[in-house]
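A quick write-up on the structure given underneath.
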Ligand code: LLP
């Protein structure tokens, strides 16, 4: 968490804080910074809960992919679903990133953020006709086709528009990604992709279609993978498929190995993009496919560590059983702990040298027992303290909702000593702007 680090507290400002000095707050040694800005200042200025992203962190994780792939033909398609804020997309577009999208909403975001449609791959199990139409209109790089039916629909739409749709088949290699079942996608009983054994027949059909151009093959076996073996198993199966396709006279131009590389949330050790891609490239070269364009669709490994969520301790509530730290952020703001029992490290943004750790369940105000950000966390905290929930840059804000009629949080991007609001806090009026009453009786 290089870009979010504890640095000596800005004491002058702390002692100027009347509330703190009135409470005779002992001076803290260190406080959390986002790049060059104390996060305390961001919370005071923009309120909480607040998503804070580091531009440098985003750029550094993108560059890790670029450096691993720069020596050969490649396309890095950031998976927009991980964090689709326009400013995030724009930062990546400026670096030359492509994008992996799964809906027309994501496509329009990419375009609005200055992304190049020619570097867009369109994934997703059920693309609708209007979405296919728009993607053809703007000229996306490729459709990742997930079923035989979809192939026919894309042919029809392309024909009607007198365009040629470049496609790649997303195959399901039946590989266990050894990750959480909800984010595992490469097993036979998952809804995703075309059975790899069936793929040769579907490629043969695609080759016959007048408005389809076969561009490549694609697979994505799951997310938050912390070992490389499942990726390599899937790759080996794709390579066998490609050998088979050659005998059918079908030569592919690209190989899309999807996203899925994990990050460290707790004590996992996640491979780096280069650890992983060196092995992929080696395998391709060995099998005579070194000149294929390698496409990757990383989401989490680009955005997760580039963001934190700040949340304020509202109340400390000891019960007979445990201590609850009730904070102003909740499951509607950050859903991952509730639905995947995901661990996100939680820290007090102000170190309390004199403070004693106690165990807390850090919970939000939403009316569900499943509303928690972390359970059994050792923290030295008081009411009013500002906590940071780490690794919240991916699948954080994007999965937030208005549950309990809560306004969605604001998002800020820090760049050195500057902070930019990249999404202002939602207002209650905005929440029901699009609703209407029935006509009077
Ligand atoms: N490509 C495809 C086709 C995908 O379905 C996904 C993620 C990605 C790329 C990016 O995968 P990544 O590099 O981010 O692992 N909400 C869950 C994660 C869902 C991932 C869905 N697909 C979570 O919070 O863990």
Every residue from the range 63-81 that is farther than 24 Å from residue 136 by Cα and within 12 Å of the ligand (Cβ to nearest atom): 65
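I'd like to know if the range 249-258 contains one or more residues that are farther than 30 Å from residue 380 by Cα, in a helix (DSSP H, G or I), assigned by TED's automatic domain parsing to the domain that holds residue 204 and in contact with a strand residue (DSSP E or B) (Cβ under 8 Å, 6 or more places away or on another chain).
From the range 249-258, those farther than 30 Å from residue 380 by Cα are 249-258; that's our starting set.
If we keep only those that are in a helix (DSSP H, G or I) as well, we get none.
No, because not a single residue in the range 249-258 is farther than 30 Å from residue 380 by Cα, in a helix (DSSP H, G or I), assigned by TED's automatic domain parsing to the domain that holds residue 204 and in contact with a strand residue (DSSP E or B) (Cβ under 8 Å, 6 or more places away or on another chain).
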From 373, 294, 315, residue being outside the structural domain of residue 34 (by TED's automatic domain parsing), touching a strand residue (DSSP E or B) at 6+ places or on another chain (Cβ under 6 Å) and assigned to a strand (DSSP E or B): 294
Which condition number in (1) over 27 Å from residue 143 (Cα atoms); (2) outside any helix (DSSP H, G or I) is the one that residue 100 fails? (1)
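Can you tell me how many residues within the range 248-259 are more than 13 Å from the ligand (Cβ to nearest atom) and under 30 Å from the mean Cα position of the chain (by Cα)?
Step one: list which residues in the range 248-259 are more than 13 Å from the ligand (Cβ to nearest atom), which gives 248-255.
From what is left, the residues that are under 30 Å from the mean Cα position of the chain (by Cα) are 252-255.
The qualifying residues number 4.
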Given (1) more than 14 Å from residue 326 (Cβ to Cβ); (2) surrounded by 16 or more Cβ atoms within 10 Å (Cβ to Cβ), index of the condition residue 405 fails: (2)
Among the candidates 373, 350, 294, residue that is buried (at least 21 other Cβ atoms within 10 Å of the Cβ) and within 25 Å of residue 142 (Cα to Cα): 294
Unique residue being free of Cβ contacts under 8 Å to residues at least 60 places away in the same chain, more than 15 Å from residue 256 (Cβ to Cβ), in contact with a helix residue (DSSP H, G or I) (Cβ under 7 Å, 6 or more places away or on another chain) and in the same structural domain as residue 277 (by TED's automatic domain parsing) when the list is 202, 217, 175: 202
Of all the residues that make up the range 221-248, how many are at pLDDT 95 or above and in contact with a strand residue (DSSP E or B) (Cβ under 7 Å, 6 or more places away or on another chain)? 5
Residue 414, sole failed condition from (1) crowded, with 22+ Cβ neighbours inside 10 Å; (2) part of a loop (DSSP other than H, G, I, E, B); (3) touching a strand residue (DSSP E or B) at 6+ places or on another chain (Cβ under 8 Å): (2)
I'm checking my understanding of the structure. Among residues of the range 301-312 that are buried (at least 24 other Cβ atoms within 10 Å of the Cβ) and either more than 14 Å from the chain's Cα centre (by Cα) or under 15 Å from residue 97 (Cβ atoms) (or both), which one is nearest to the ligand (Cβ to nearest atom)? 301
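The values are calculated or read from the model by the stated rules, or taken from the named source; none is laboratory data. Values in this document were obtained by computation on a predicted structure and should not be read as measured data. Quick reminder, even Gly has a Cβ in these numbers, built from the backbone with ideal geometry, and neighbours come from all protein chains shown.
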